[in-house]
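To start, the structure under review is shown below, and the notes come after it.
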Amino acid sequence: MIITLLQQDIAWADPVENQRRSEAAILAAPLSDLYVLPEMWSTGFNAVDEDITSLQWMKEMSARMNAAVAGSLSVKAEDGTKRNRFYFVMPPSDDCLEGKIEYYDKRHLFSYGNEQLHYSAGEEQKIVKWRGVKFLLQVCYDLRFPVFSRNRIDRLENASGKASSECLYDCILYVASWPSSRIKPWHILLQARAIENQCYVIGVNRVGEDKVCQYCGGTEMIDAYGRVVASCPDDKITSVTCELQKDTLDSFRRKFPVLDDTDSFLLCSK
């Protein structure tokens, strides 16, 4: 699978300008299967105004590129609460003529930055399957809480009663507004999540500055060995296109089946 990671500066509370910038970046990297934008890519972090136009833009770009478009937005949920919502938008297909939209509401709200005063936390994991690859959706601060993102072996049984097994997911997507002052933990934790879960990990972070922080990027893809497969240079508005090699990942998991020995437990939502 071909994936383009978009490391962008974000114009504060200006969805139209950020849509323009994102569109230009996506069009400059054609033929990808997935485009990943940073956390709150259309407004900047903690711009609490509801964004009512950017999801439609994501749908239009997904259809135009025949690819998935992923990134988080500041939205008002159906129950009236505000959410930091990570959308994964897929293009129209024979099975779904309107295109399919999946989403994950950020569970771990950043209390150090008062995110919990403006947003409500999500409670459920979200795994999305796209073109044969299963993605776990996560947002920024979630990176510091490994139990919530723990991979495991899922035991399956087909219609004929034959048993099989496979991992819950193949790649974790982290979209972020992670400040420069804490960028070293960002890199270390991305590598740790990849190694412990035997998966690819993608972290897409912004650059530039807002009213509180400066951001240097650090956007990268990590493989299941903890190696950096692709990365964007720091402090630069840019993108990188990389390949997720599912066959290579599956081969490594069969050769070294670490996840067969994981602890058996369930994470309660409360």
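The values are calculated or read from the model by the stated rules, or taken from the named source; none is laboratory data. No experiment lies behind these values; they were computed from the predicted model shown. Methodologically, a virtual Cβ is constructed for each residue, glycine included, from the backbone with ideal geometry; neighbour enumeration extends over all protein chains shown. Keep in mind that these areas ignore ligands, DNA and RNA; they rest on the heavy atoms of the full protein, side chains included. Shrake-Rupley method; radii C 1.70, N 1.55, O 1.52, S 1.80 Å.
Is it true that some residue in region 150-170 is under 30 Å from Gly208 (Cβ atoms), crowded, with 16+ Cβ neighbours inside 10 Å and modelled with pLDDT of 95 or more?
Among the residues of region 150-170, not one is under 30 Å from Gly208 (Cβ atoms), crowded, with 16+ Cβ neighbours inside 10 Å and modelled with pLDDT of 95 or more, which makes the answer no.
Within region 6-23, can one find any residue that is under 18 Å from Gly132 (Cα atoms) and modelled with pLDDT of 95 or more?
no
Condition check ((1) under 27 Å from Phe148 (Cα atoms); (2) under 17 Å from the mean Cα position of the chain (by Cα); (3) among the aliphatic types (A, V, I, L, M); (4) open to solvent by less than 60 Å² (accessible area, probe 1.4 Å)) across all residues:
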residue: Thr4; (1), (2), (3), (4): yes, yes, no, yes
residue: Gln7; (1), (2), (3), (4): yes, yes, no, yes
residue: Val16; (1), (2), (3), (4): no, no, yes, no
residue: Thr53; (1), (2), (3), (4): no, no, no, no
residue: Asp94; (1), (2), (3), (4): no, no, no, no
residue: Ile101; (1), (2), (3), (4): yes, yes, yes, no
residue: Asp105; (1), (2), (3), (4): yes, yes, no, yes
residue: Leu109; (1), (2), (3), (4): yes, yes, yes, yes
residue: Ser120; (1), (2), (3), (4): yes, no, no, yes
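Under the condition of being in contact with a strand residue (DSSP E or B) (Cβ under 8 Å, 6 or more places away or on another chain) and more than 15 Å from Pro38 (Cα to Cα), which residue from region 229-238 is least open to solvent (accessible area, probe 1.4 Å)?
Taking the candidates together, the pick is Ala230.
Would you tally the residues in region 41-62 being among the hydrophobic types (A, V, I, L, M, F, W, C), in contact (Cβ under 8 Å) with a residue 40 or more places away in the chain and touching a strand residue (DSSP E or B) at 6+ places or on another chain (Cβ under 7 Å)?
Result for region 41-62: 3.
Could you check region 198-228 and list, in sequence order, the residues that are outside any strand (DSSP E or B), open to solvent by 20 Å² or more (accessible area, probe 1.4 Å) and among the aliphatic types (A, V, I, L, M)?
Within region 198-228, Val212 is the sole residue that qualifies.
On the given criteria, is Ala70 open to solvent by less than 10 Å² (accessible area, probe 1.4 Å), of a type in the set (Gly, Ala, Ser) and out of contact with any Pro (no Cβ under 6 Å at 6 or more places or on another chain)?
Spelling it out, Ala70 is indeed open to solvent by less than 10 Å² (accessible area, probe 1.4 Å), of a type in the set (Gly, Ala, Ser) and out of contact with any Pro (no Cβ under 6 Å at 6 or more places or on another chain).
Tell me whether region 86-94 contains one or more residues that are assigned to a strand (DSSP E or B), of a type in the set (Gly, Ala, Ser) and farther than 19 Å from Gly113 by Cα.
No: region 86-94 contains no residue that is assigned to a strand (DSSP E or B), of a type in the set (Gly, Ala, Ser) and farther than 19 Å from Gly113 by Cα.
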